[in-house]
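Take a look at the structure below.
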Amino acid sequence: MKQKVFRQEFRACLNTDDQGMIRNAVERCRDLAEELRAAERMMTVGLYYHGRQLFLYYEALGEAYGPETFMSPLDDLLMPWPEKGEPVLWAPMYPIYWHQVPEDSEDWIRPHAPERRVGRIAYLNHDLMFEYVYHHFAIVREGIFKGDRYQFISLHEDVLFSYFEEPRTNVNIRRTEEGDSEAIRDWMAVNPPSHFDTIPGTNGGFLILPDYFNLG
């Protein structure tokens with residue numbers, strides 16, 4: 001049965017470094033995610049980490065439910081985020097960049113299992129962060145530039161989280177073979193590397209993260 005696909009990304013922060021407790025809770029979250037996949041309520045899900053930071057990508061089917069549906073075993077190990085005066089354990093990240101919009105669940109099925117499901121993060125230079133958002137959303141609105149079909153970048157505070165799959169399947173939002181993108185030329189003209197703050201382990205730009213689990 002065809003269902004609507006909701007792509008969502010969230011950020012959380014652990015309140016402990018106890019890997020035994022974390023791994024135990026994560027395994028229970030994984031089991032709940034597997035149940036949702038078996039019930040055809042979820043397509044793909046990945047939980048990535050950087051220090052105590054957690055980054056969650058998932059594709060909900062039928063309705064846009066929140067992480068509490070399957071990530072509740074981690075609740076006692078998370079610090080609350082202040083969101084509009086009400087603390088939340090999983091802060092929603094705001095989508096700013098993608099290369100295709102799923103028409104429905106049948107359209108979004110991968111023809112082959114990917115070799116890798118990758119999560120990565122970048123920290124933005126505060127002085128240029130909204131210029132970064134402006135240019136990336138302009139590329140999306142134009143819809144011509146090609147990139148990985150499953151890439152999805154979201155922002156929370158000054159942190160970007162990017163999900164993509166390898167090998168990449170290059171497509172664009174318009175699903176056409178249209179010409180050169182003016183929006184990407186405008187982005188390349190403003191010195192893209194200058195928009196990032198350096199994360200230890202990189203020379204600027206994105207850092208690939210390890211995962212606690214990824215399913216699809």
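Odds and ends about this structure:
- Index of the failed condition, G216 passing every other in (1) touching a helix residue (DSSP H, G or I) at 6+ places or on another chain (Cβ under 9 Å); (2) surrounded by 16 or more Cβ atoms within 10 Å (Cβ to Cβ); (3) modelled with pLDDT of 95 or more: (3)
- Qualifying residue in the range 189-207 (condition: assigned by TED's automatic domain parsing to the domain that holds F152, among the aliphatic types (A, V, I, L, M), exposed (fewer than 14 other Cβ atoms within 10 Å of the Cβ) and in a helix (DSSP H, G or I)): no
- Complete set of residues in the range 61-96 that are in contact (Cβ under 8 Å) with a residue 40 or more places away in the chain, out of contact with any helix residue (DSSP H, G or I) (no Cβ under 8 Å at 6 or more places or on another chain) and assigned to a strand (DSSP E or B): L78, M79, W81, A91, P92, Y94, P95
- Checking each residue in the range 99-144 for being surrounded by fewer than 12 Cβ atoms within 10 Å (Cβ to Cβ), in a loop (DSSP other than H, G, I, E, B) and over 18 Å from the mean Cα position of the chain (by Cα) picks out P111, H112, A113, H126, D127.
Each row is one residue, and each column tells you yes or no for (1) basic (K, R); (2) in the same structural domain as D148 (by TED's automatic domain parsing).
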| position | (1), (2) |
| --- | --- |
| K84 | yes, no |
| P102 | no, yes |
| E106 | no, yes |
| A113 | no, yes |
| R117 | yes, yes |
| A122 | no, yes |
| M129 | no, yes |
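- Selection count, the range 35-57, where residues are surrounded by fewer than 21 Cβ atoms within 10 Å (Cβ to Cβ) and among the hydrophobic types (A, V, I, L, M, F, W, C): 3
- Scanning the range 24-60 for residues that are among the aliphatic types (A, V, I, L, M), more than 23 Å from I208 (Cα to Cα) and not in a helix (DSSP H, G or I) yields A39, M42, A60.
- Number of the exception - T176 against (1) without any contact (Cβ under 8 Å) to a residue 40 or more places away in the chain; (2) buried (at least 18 other Cβ atoms within 10 Å of the Cβ): (2)
- Selected residue (criterion: surrounded by the fewest Cβ atoms within 10 Å (Cβ to Cβ)) from residues of the range 7-34 that are acidic (D, E) and touching a strand residue (DSSP E or B) at 6+ places or on another chain (Cβ under 9 Å): E27
The values are calculated or read from the model by the stated rules, or taken from the named source; none is laboratory data. Source: prediction; values computed, not measured. Heads up, the Cβs are rebuilt from the backbone with ideal geometry, glycines too, and the neighbour counts pull from every protein chain shown.
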